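The values are calculated or read from the model by the stated rules, or taken from the named source; none is laboratory data. Note that the structure is predicted; figures quoted are calculated from it, not measured. Note that we place each Cβ from the backbone using ideal geometry, even for glycine, and neighbour counts take in every protein chain shown.
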Amino acid sequence: MKHNLTLPIDVRKYDNDKQFFDEAYNIFQMELQARYNRPNLFNKFIYIDEKVKYDNKPNGFWHISSIGEDDTKYDMYPCCNDITNGLCKYMCDFGHPENFLKDDNSIPCIYRACRIKWVREIIELANNNKNHPNLRIWQHKNQRTKEKTLKIRYLNGCIDYIIIFKISYKNSDIYCYRLKTAYPVVLKSYKKRFDREYNNYIIMKSKK
């Protein structure tokens, strides 16, 4: 049975990007940052970076509401087929004079931020059914940094969205999942990379 996510935030309701990001942050604060209401993931604590550095909002918010400088070097805008394309003043321009995330090598991204509700919805779906047909869940170890991550990818029609957690261990057991980032998967190279990681994980798991 297919699962549907809620619609993205309608950015047209806001007079400017400041109002929009404030509203997106309110949602983030209520559904993810507030510890009394924050979901666990597979019965483990979800760690979110609450240190405030930019625009009076915590790093954890910007991890899922901005785009990295390296991801802006491709030939297409991630939002090219989305309504946010005509409403974003930054347009993936790292050098934009109003880009207050330069020190973090990022750019505020309306396209990503308007889908902020999806993070909790996908976490809850994974908690309820790891094997849901719209989900692919796997672990991946970076061979260079040795960092181990948990990735949850949601696929449904034209929607392709991924949440990435760093796995923190204590005495060889998983202690918590640290939210690293979450974003729509747009580029073909990323889709292929995630497909490859997932397929390799399934093959390795079947051999154990």
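A few comments on the model shown:
- Taken over segment 94-145, residues that are at pLDDT 90 or above, β-branched (Val, Ile, Thr) and assigned to a loop (DSSP other than H, G, I, E, B) amount to 1.
- Residues of segment 169-190 satisfying the condition of being surrounded by 12 or more Cβ atoms within 10 Å (Cβ to Cβ), at pLDDT below 95 and not aliphatic (A, V, I, L, M): Tyr175, Tyr190
- When Asn142, Asn59, Asn85 are checked against the criterion of being under 30 Å from Asn200 (Cβ atoms) and surrounded by fewer than 17 Cβ atoms within 10 Å (Cβ to Cβ), a single residue qualifies: Asn142.
- Per the conditions (1) farther than 30 Å from Pro133 by Cα; (2) buried (at least 16 other Cβ atoms within 10 Å of the Cβ), the sole criterion not satisfied by Lys13 is (2).
- Yes/no for Leu125 being touching a His at 6+ places or on another chain (Cβ under 9 Å) and either surrounded by 12 or more Cβ atoms within 10 Å (Cβ to Cβ) or at negative phi (or both): yes
- For segment 146-163, a residue qualifies if it is of a type in the set (D, E, K, R), part of a strand (DSSP E or B) and under 19 Å from Leu41 (Cβ atoms), and the qualifying residues are Lys148, Lys151, Arg153.
- Inside segment 19-49, residues that are more than 17 Å from Ile64 (Cα to Cα), surrounded by 13 or more Cβ atoms within 10 Å (Cβ to Cβ) and of a type in the set (D, E, K, R) make up a count of 1.
- Counting only strands (runs of 3 or more DSSP E) that sit wholly inside segment 25-78, those with at least 2 residues that are at pLDDT below 95 and more than 19 Å from Ile162 (Cβ to Cβ) are 52-54.
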